[in-house]
1. Can you tell me which residue within region 285-300, out of those that are under 21 Å from the mean Cα position of the chain (by Cα) and aromatic (Phe, Trp, Tyr), is nearest to Asp329 (Cα to Cα)?
2. For region 119-130, state whether one or more residues are assigned to a loop (DSSP other than H, G, I, E, B), closer than 30 Å to Thr223 by Cβ and among the hydrophobic types (A, V, I, L, M, F, W, C).
3. Look at Val229 and say whether it is at pLDDT 95 or above, assigned to a helix (DSSP H, G or I) and in the same structural domain as Leu328 (by TED's automatic domain parsing).
4. Check His95 against each of (1) crowded, with 18+ Cβ neighbours inside 10 Å; (2) farther than 30 Å from Phe288 by Cβ; (3) in contact (Cβ under 8 Å) with a residue 24 or more places away in the chain and name the one condition it does not meet.
5. Against the conditions (1) closer than 28 Å to Glu219 by Cβ; (2) in contact with a Phe, Trp or Tyr (Cβ under 8 Å, 6 or more places away or on another chain); (3) among the acidic types (Asp, Glu), where does Asp83 fall short? Just the number, please.
6. Asn73 is checked against (1) of a type in the set (S, T, N, Q); (2) surrounded by 14 or more Cβ atoms within 10 Å (Cβ to Cβ); (3) under 25 Å from Glu262 (Cβ atoms) and fails just one. What number does that condition carry?
7. Looking only at region 175-219, how many residues end up being under 19 Å from Arg300 (Cβ atoms) and either within 22 Å of the chain's Cα centre (by Cα) or not assigned by TED's automatic domain parsing to the domain that holds Arg294 (or both)?
8. May I ask you to say which residue of Tyr85, Tyr12 is crowded, with 16+ Cβ neighbours inside 10 Å, in the same structural domain as Arg127 (by TED's automatic domain parsing) and in contact with a helix residue (DSSP H, G or I) (Cβ under 9 Å, 6 or more places away or on another chain)?
Amino acid sequence: MPKGLYQRNGIYWARFKIKGIEYRESLRTRSLATAERRLKAAKDGVQDRVFYGASEAITWPAAVVSWSAKGYNAIGIKASTFDRYLTSIGQLRAHLDDKDVQKIDVRLLKSIVADRQRHGATNATIRRDMTAISSVLAHAVDMEWIEENPAKMIDRSRFKERKTRIILPRDESLEQVFALPGRFMDMAELALETGMREEEIASLEHDRIDRSRMVATLEATKTDRVRQVTLTKRALEIIDRQPRHFKKRWVFWRGDGQRYVEVHSEFFAKLSRVAQKATQEGRDFQRFRFHDLRHLFAVRYLRDRRGSIYDLQQELGHSSIKTTERYLDHLTPDERQAAIRGVAQDWAHDQRFGDEKA
């Protein structure tokens, strides 16, 4: 057996002394060649700390635990973003769990990018992966475990996200889905009526509804900016038919007043049942996402000339008009011109005072 190595149940362990102190640790391998490499790395790390004052080695999992313990507010991100980072970190465990943060460098990060690309990860996913890693490594810098964040050397702008083509739900598919009973489907109907995102609907509170002005104030928005959306008569009817919980403030709730979470997943499950039934009955059915109801609202908004493309931008809460302009592709030339010029009908008046003209 080479000096500094011994085995327990076939697994190699390191054992060595530096300045009279004995160090032991599992090398987590049954391969002698691998064990010898890891033994050398372990000894080098201890010598760096003992003789040169280098920081104690911090494993990637330990860094993640320390980072996550800060909480999303201290990190400066939203709860939903924090959850996405945790998902990315979980998917990268095979690459990083056996690494110390001091050993993570640009070369390793580039190899992770290459591996993710080989396995078909989208540019958007890779960019989120690198951003999540960078957030943990920035925390490691703050803790003085490392001197600089190597993830900053990865140009994330190269991983441009391809915009998904907007495909609007078909009327016959909408009809089949909205035939489902239950208050959950009221959430979907409100999305189609207002263009609100699923999280905005799930977090909607009764005291944020202004019936005199026919608007809802949204605070849990994607951009973290408070936004007001216009409520139609139909939208108010949907809201008003929801039973109020005697303690909770949510418009939409389940069980003992719990708000809905993972709306898209539950919607997908319901659509799966509708699709199965349609197949059994020999009917056509096109699947769509909860978010596609927001797309359909936007196109109908412009087709019905409720306002301009800029009005729609405000309703949807888009930071860039370029995002909103994607809906112009679903309009006729005349509708496009009206949307750009801002030619609106008396829609708002009709919503407030009925269809009769004074």
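1. Of all residues in region 285-300, those under 21 Å from the mean Cα position of the chain (by Cα) come to 288-295.
So of that shortlist, the ones also aromatic (Phe, Trp, Tyr) come out as 288, 290.
Working: Phe288: 19, Phe290: 21 Å.
So, considering only residues that are under 21 Å from the mean Cα position of the chain (by Cα) and aromatic (Phe, Trp, Tyr), the one nearest to Asp329 (Cα to Cα) is Phe288.
2. Yes, region 119-130 contains a residue that is assigned to a loop (DSSP other than H, G, I, E, B), closer than 30 Å to Thr223 by Cβ and among the hydrophobic types (A, V, I, L, M, F, W, C).
3. So Val229 does not fit the description; no.
4. (3)
5. Checking Asp83 against (1) closer than 28 Å to Glu219 by Cβ; (2) in contact with a Phe, Trp or Tyr (Cβ under 8 Å, 6 or more places away or on another chain); (3) among the acidic types (Asp, Glu), the one that fails is (2).
6. Against the list (1) of a type in the set (S, T, N, Q); (2) surrounded by 14 or more Cβ atoms within 10 Å (Cβ to Cβ); (3) under 25 Å from Glu262 (Cβ atoms), Asn73 comes up short only on (2).
7. So the answer is 12.
8. Working: Tyr12 fails: in the same structural domain as Arg127 (by TED's automatic domain parsing).
Answer to the check: Tyr85.
The values are calculated or read from the model by the stated rules, or taken from the named source; none is laboratory data. As the structure is a prediction and not an experimental result, all values here were calculated from the model. Glycine gets a Cβ as well: all are built from the backbone with ideal geometry, and neighbour counts include every protein chain shown.
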